[in-house]
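To start, the structure itself, in C-alpha cells.
The values are calculated or read from the model by the stated rules, or taken from the named source; none is laboratory data. Since we're looking at a predicted model, the values are computed, not measured. Virtual Cβ from ideal backbone geometry, glycine too; neighbours counted across all protein chains shown.
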C-alpha cells in the first residue's frame, strides 16, 4: 500500500518543514476561530492526507488520500462560513473535482482491471500503451489544475483569501507542492517522452509565472496578492520541469538533471517563503481586521517581528541575492541558457520566450513586494485599526520565526539540500559537478555563485557602513516630512492603487480595468471638493473569457438535454444507447484494445437487445 522510496521521503520532508512551524502558528491562531472542533478535525486530517498522498503506492490508496486532501481543504475554507467563503469554497470544490476526473481517467485507462495496481505495475502497463500522449494530457490537466497552473489557476485568488491564515499557508506552501510531487511521480512512469511534452510544460510555466505576477500587482487584498504569487511560482517550477523533460528527450541527461533539481529546489523554497508570507499576512489581518492594504501603514513600529519576517520572505520571493529564492531562479535561468547549442527551431523559440517571461517576472515581483511591504509596514497609519495594532501572541510569533529559520536554512545549507534532491530523483548524479567545493555552486555552462561568500560580503559591507556612520558623529535633526507647505497625513501617502498605476496602464490589454470615479465640487469652486471617489477594478481575463463562456455553453447543453429528456420513450432509450455505446467503445479501444470485428459484434448485439426492450415496452 505504501512506498517509502527517496522521492516520497523527500516530499514527506517538505511537508514536515511546512507543517511543524504551522502547528505553532495555528495553536496561537486558534483563539480567533469560532468553530474550533471543525477546524482541528479537518486541519490534522488535511496534514495526514498530504503525507498519505506522497507515500501511497497503489491506485486506490492514492485516490483515497487525494480525495481526503481535497475534501478537508474544502471544509477548512468553510471554517468561517460567510457568503463569500461559501462561494469561494464552491468554486474550489468544482475545480478540484474537475481535475480529479482526469486523474481518475488516467488510472482507469492505464489499469482498468486492477484498482490495487502498484505504481511499478503501472510503469509496465504504460510501456505497452499505444497512446502515451493521452496519458500525458490526463496527468497534466489533472495535477496541474490542483497545482494552480494557468489556465486552471482561477480558484487560488478565491480560496486562499477566505481560508484561515494557517490553512492558507498550508494550502499554498504545501498542498500545491503535493500536486507537483504527483505530476513528477507519474511523468516518470511514462516512457519515451516526446519533445512537445516538454515544450508544453515550459510554455505553461512561462505563462503562469507572468500572468500570476501581473495579477498580483493589481491586487489590494494582501492574501489574494500572495495567492497570485503562488501561480507565479508554480510557473517557475514548471519551467524547470519543462527544461528537464526537453533535455531528457534530447538525451542530454546531465542538463536534464540540472533542470529537475532546480525545479524541486524552487519547490522547497516556495514552500518556505510563501508559508511565512501567509503567516505574516494573517498576523496583520488579525490585528487590523481587514485584508485591504489601503487600510494598513506604519505597522513596522507596532509589529516589528512580523514586519521583519515578512521582509525576509519578500526579499526571498523577489529572488534578490543571496537568498534561497535567488539561488533556485538562478539555477533555472542557467538551465535554459544551456540550450544555446540546440538546433531545433521550436526550442529556439520556446527557450527565449521562457527566459524573457522569467526575467520580466523577476522584475515585476520586486515591484510587487516593494508595494506589499511598503504600503503595509511603512509610512503613517491609514486607519484606526492599523494605529492601534500590536504584535501577535507568542505561539504565532514562534511559528513565523521557525518558518523564517527554514527560509534561511535553505540558503545556508544549499549543498546539502541539492545533494538530497539529486539522490531522491530518478536522474543522473551531477552533485560533484555542481559542487567541486562546498562554498561555490557551478552551473553546467560556466556560471558560478557562492551564496555564503555573498552573504558574508553583505554582512561585512553593512558593518563597515554602520562603523563609518557611527565614527563620523553626525548631528541629527528630527523634523516632520516636508510636503510643499502642506500638512502631511495618511491621505497624502502613496497608495497601493497609485503604486501599481503605471504598470496597470502598460498592461491594460490584459487587465481591461473598469474605472469608477466621481467628484462633488464646493459651490463657487472648480478645484475644491467636498467628496471624491476613484476605484479601479481589474477583470480576471481567464475567468471572464474562458470560464464564463464555458458556463454559458454548459447551460445551453443542459437546456438541450432537458428538452431531450421529455422525448418519447423510444428516443430517450436510443439516446441512452448511444451514450452507453460511446462509453463502451472508448473503453474497448483504449483499455482492452480489441479488434474492430469484436467491437462491431458487440454493437450489433446491443442494438438488437435495445430494440427488443422498446418493442416490449410498446406492447
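The rows are residues; the columns are (1) surrounded by fewer than 24 Cβ atoms within 10 Å (Cβ to Cβ); (2) within 24 Å of residue 187 (Cα to Cα); (3) without any contact (Cβ under 8 Å) to a residue 40 or more places away in the chain.
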| site | (1), (2), (3) |
| --- | --- |
| 123 | yes, yes, no |
| 129 | yes, yes, yes |
| 132 | yes, yes, no |
| 136 | yes, yes, no |
| 144 | no, yes, no |
| 158 | yes, no, no |
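Listed conditions (1) under 30 Å from residue 340 (Cβ atoms); (2) without any contact (Cβ under 8 Å) to a residue 24 or more places away in the chain; (3) surrounded by 12 or more Cβ atoms within 10 Å (Cβ to Cβ) are all met by residue 424, apart from (2). For the stretch 285-299, a residue qualifies if it is within 22 Å of the chain's Cα centre (by Cα) and either assigned to a helix (DSSP H, G or I) or over 30 Å from residue 14 (Cα atoms) (or both), and the qualifying residues are 285, 292, 293. Every condition in (1) surrounded by 13 or more Cβ atoms within 10 Å (Cβ to Cβ); (2) free of Cβ contacts under 8 Å to residues at least 40 places away in the same chain; (3) closer than 23 Å to residue 365 by Cβ is met by residue 502 except one, and the failing one is (1).
Scanning the stretch 202-215 for residues being at pLDDT 95 or above and either in a loop (DSSP other than H, G, I, E, B) or over 16 Å from residue 356 (Cα atoms) (or both) gives a total of 0. Whether a residue is crowded, with 16+ Cβ neighbours inside 10 Å and in contact with a helix residue (DSSP H, G or I) (Cβ under 9 Å, 6 or more places away or on another chain) was assessed, and residue 354 passes this test. Of the residues contained in the stretch 455-462, none is found to be part of a loop (DSSP other than H, G, I, E, B) and in contact (Cβ under 8 Å) with a residue 40 or more places away in the chain.
Filter the stretch 519-550 down to the residues that are loosely packed, with under 10 Cβ neighbours inside 10 Å and modelled with pLDDT of 75 or more and list them by number. The answer is 520, and nothing else.
Yes/no matrix, rows are residues, columns are (1) touching a residue at least 40 places away in the same chain (Cβ under 8 Å); (2) closer than 13 Å to residue 15 by Cβ; (3) out of contact with any helix residue (DSSP H, G or I) (no Cβ under 7 Å at 6 or more places or on another chain); (4) surrounded by 23 or more Cβ atoms within 10 Å (Cβ to Cβ):
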site	(1), (2), (3), (4)
172	yes, no, no, yes
177	yes, yes, no, yes
180	yes, yes, no, yes
189	yes, no, no, no
193	yes, no, no, no
202	yes, no, no, yes
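Put simply, of 98, 65, 91 the only residue that is in contact (Cβ under 8 Å) with a residue 40 or more places away in the chain and farther than 20 Å from residue 165 by Cα is 98. Residue 327 falls short on exactly one of the conditions (1) without any contact (Cβ under 8 Å) to a residue 40 or more places away in the chain; (2) assigned to a helix (DSSP H, G or I), and that condition is (1). Scanning the stretch 392-418 for residues that are surrounded by fewer than 20 Cβ atoms within 10 Å (Cβ to Cβ) and not in a helix (DSSP H, G or I) yields a count of 2. Of 307, 314, 359, all but one fail to be closer than 20 Å to residue 235 by Cβ and crowded, with 19+ Cβ neighbours inside 10 Å; the exception is 314. No other residue among 479, 494, 511 is over 26 Å from residue 380 (Cα atoms) and either under 42 Å from the mean Cα position of the chain (by Cα) or free of Cβ contacts under 8 Å to residues at least 40 places away in the same chain (or both) apart from 511.
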